[in-house]
Every structure is written in C-alpha cells, then in structure tokens.
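The values are calculated or read from the model by the stated rules, or taken from the named source; none is laboratory data. Given the structure is predicted, the values throughout are model-derived calculations rather than measurements. Don't worry about glycine lacking a Cβ; one is built from the backbone with ideal geometry, like all the others, and counts go over all protein chains shown.
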C-alpha cells in the first residue's frame with residue numbers, strides 16, 4: 001500500500017492593495033539605536049536599502065482590516081469549492097495578533113484561528129483552530145505540524161495560514177521599517193496515498209545565544225516616550241546567522257530524505273532580503289561543492305511585496321501556482337524546497353514533491 005502523505009491541494013493569498021513605494025520614506029526622520037539622527041540623507045538611505053533588500057515597494061493593509069481579516073480572505077481563496085466543515089484543523093501562524101490601524105496593542109484573544117473559523121462560518125466543533133507563533137518561519141512550522149497530524153492519522157484535511165501586519169508595528173524612525181509589509185497566505189493540506197506530497201522536514205531553535213536578535217523595543221526617536229514597543233532587529237548578526245545556519249538545515253533535510261540537490265527544481269526561501277536569500281542559496285550550493293547556481297531556482301517577489309513575515313512563503317507559493325511569477329512554473333513530480341529563518345532564532349526546511 002502506498003504511503004499516505006500530506007499534499008497541497010489548494011492555496012490562496014491576500015495581497016493588500018495599498019502600495020507604498022520607497023519614495024514614501026523621503027520625508028521620514030531616521031535615528032540610530034542611540035537616538036542620534038542619521039547623518040546620511042534619506043535618498044542615500046533608501047538607495048542603499050534597495051541595493052541590499054531588492055525592495056522597491058511594499059504592501060500595507062487597508063485601515064479597516066487586521067491580520068485575521070486578511071487570513072480569512074486568503075483562506076477563502078484556498079477553500080474555493082471545498083466543504084469547509086470537513087476541515088480537521090485550522091492553524092494560523094502570526095506574531096502580533098490583530099493590530100488595529102493606529103493602535104500598537106496586540107490583540108490575541110480569541111485566537112486568530114478562532115476568528116478565522118468564525119469568519120468562514122464553520123460550525124463543526126471538531127474543526128480545531130489554534131495559533132502558532134514561531135517568528136517568520138511560523139507558516140512553514142504550521143505545515144510541518146499539519147504533516148505530523150496527517151501522518152499520524154489524526155487529520156485528513158488541514159488549513160495552514162500565515163498572516164501579519166508588520167507595517168503597523170514598525171518604528172517609522174528606524175530604517176528597518178522600510179523592509180516590513182502586510183499580507184496573508186494559506187495552503188490546504190490533504191491526506192493522499194502516493195509518492196507526491198511532503199517528503200521530509202527539519203527545524204531548529206538557537207535561543208541560547210541568538211534569541212533576541214529579533215525582539216520588541218522602544219522607538220529610536222528619543223522624543224517618543226510613551227512606552228510603545230516596535231519590532232527591532234540586529235540586521236548584521238541575523239544575516240551572518242542565517243547564511244551560516246539555513247543552508248546547513250536544508251542540506252541535512254535533503255540528505256536525510258535521500259534527495260539530491262540536482263533533483264531540486266525550486267527553492268522557496270522566506271522573502272526577507274534579496275541579498276540574504278541569494279547568499280543562503282550560494283552557500284547551500286557551496287556545501288555540495290556545486291559551482292553553478294541555476295538562475296531560475298529561487299523565485300523572488302520581495303521587490304513589490306516587501307517582507308510580510310509568515311505570509312511571504314504561502315503568498316509566493318500561491319502566486320507561482322497561479323502563474324503570476326514570471327519565469328517560474330511547477331509541474332508534477334518537481335521537487336520544491338521550502339526554507340525560512342526568523343525570530344527565536346528559528347530555522348526550518350521542508351521538502352515537497354509536486355502531485
């Protein structure tokens with residue numbers, strides 16, 4: 001009898017309509033962590049950020065929508081034509097809950113997953129809904145969790161969503177605020193016998209020395225004394241950690257699954273920073289002593305979506321499957337590697353064979 005695996009039966013995403021080009025930050029006042037105004041002019045700051053991240057614009061949620069609203073819309077797209085009452089689990093990955101426009105308070109009660117289930121109109125009490133905070137790798141960890149449920153026979157159909165409004169918890173006086181964006185993506189996993197589906201996965205947490213590379217902190221503007229907390233990061237240290245760690249996790253995952261690097265069609269990396277993602281892929285190939293990196297192996301959408309944390313991977317996957325990422329297609333039998341890194345510090349990887 002063929003092994004039962006978790007296959008991605010459908011995907012959906014919500015890409016906010018509010019487009020914010022880099023020029024929008026020309027009038028911002030930026031400070032360093034010590035509260036000193038940056039000497040460089042904003043045009044130079046913006047140009048440098050673009051050279052590093054590849055971000056030309058990002059998307060912000062409309063003022064009347066929160067993370068759970070976007071999650072419900074992405075979920076509805078993934079569930080088109082599906083009986084919603086047949087869902088065994090709804091897993092929602094996020095980090096800040098619902099943050100209303102202009103209000104920095106994080107609202108997580110009830111859980112976003114329960115809010116999504118409510119908005120979807122699901123009555124089945126055995127559709128269990130729960131949240132998963134795991135930094136930017138949260139959606140991928142949700143997929144790993146769903147795969148474990150399916151392999152154990154505890155579920156046949158699981159909806160995994162990643163949603164975030166990073167734009168609302170970014171310090172407008174921190175240059176890193178230009179990286180963050182909003183969005184949501186979803187994937188419907190189903191149990192199916194055969195060779196396709198999730199083949200293997202691996203995750204790790206390096207909290208002893210790296211737990212606070214991403215954290216919450218006060219504004220860099222010394223005049224803001226209201227105690228508000230914003231997302232903060234040690235960008236240089238995160239870069240070094242990610243380039244060192246993510247390729248190792250991906251290689252371990254590939255090696256234990258018996259899949260060779262030459263068999264991989266696409267590598268979908270959390271859309272955090274274009275230069276960082278390219279460095280991760282380059283080091284992965286170096287670990288295999290492969291000189292040439294295929295030009296089409298790493299799809300990127302960060303140039304126009306920005307970094308929406310847990311939403312980047314499911315959004316990227318959805319756009320590829322819907323033929324909306326130029327030069328990137330997936331076909332039956334293709335091997336796809338997913339990888340992410342983020343707060344914690346957490347890293348994970350998943351290997352998937354297209355049905």
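Which one of these does residue 272 not meet: (1) more than 30 Å from residue 35 (Cβ to Cβ); (2) in contact with a strand residue (DSSP E or B) (Cβ under 7 Å, 6 or more places away or on another chain)?
(1)
Out of (1) closer than 30 Å to residue 337 by Cβ; (2) surrounded by fewer than 24 Cβ atoms within 10 Å (Cβ to Cβ); (3) touching a residue at least 40 places away in the same chain (Cβ under 8 Å), what's the single condition that is false for residue 148?
Result: residue 148 passes all but (3).
Condition check ((1) in contact with a helix residue (DSSP H, G or I) (Cβ under 7 Å, 6 or more places away or on another chain); (2) closer than 23 Å to residue 308 by Cβ; (3) surrounded by fewer than 24 Cβ atoms within 10 Å (Cβ to Cβ); (4) assigned by TED's automatic domain parsing to the domain that holds residue 37) across all residues:
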residue	(1), (2), (3), (4)
137	no, yes, no, yes
152	no, no, yes, yes
155	yes, no, yes, yes
158	yes, yes, no, yes
171	yes, yes, yes, yes
177	no, yes, yes, yes
185	yes, yes, no, yes
190	no, no, yes, yes
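Counting only residues that are surrounded by fewer than 19 Cβ atoms within 10 Å (Cβ to Cβ) and either touching a residue at least 60 places away in the same chain (Cβ under 8 Å) or farther than 19 Å from residue 170 by Cβ (or both), how many does region 55-72 have? Walk me through it before giving the result.
Initial filter on region 55-72 (surrounded by fewer than 19 Cβ atoms within 10 Å (Cβ to Cβ)): 56-57, 62-64.
When the remaining residues are screened for being either touching a residue at least 60 places away in the same chain (Cβ under 8 Å) or farther than 19 Å from residue 170 by Cβ (or both), the result is 56-57, 64.
Qualifying residue count for the region: 3.
Pull out all pairs, ordered by first then second residue, where Cβ-Cβ is under 6 Å, the residues are six or more apart or on different chains, the first lies in region 116-131 and is at negative phi and surrounded by fewer than 19 Cβ atoms within 10 Å (Cβ to Cβ), and the second is modelled with pLDDT of 95 or more and in a strand (DSSP E or B).
Correct list of pairs: 128/89.
Give, as residue ranges, the strands (runs of 3 or more DSSP E) completely inside region 32-132 that count at least 1 residues that are more than 19 Å from the chain's Cα centre (by Cα) and modelled with pLDDT of 95 or more. Steps first, please.
Numbers: elements: 57-60, 89-93, 128-132.
The qualifying strands (runs of 3 or more DSSP E) are 89-93, 128-132.
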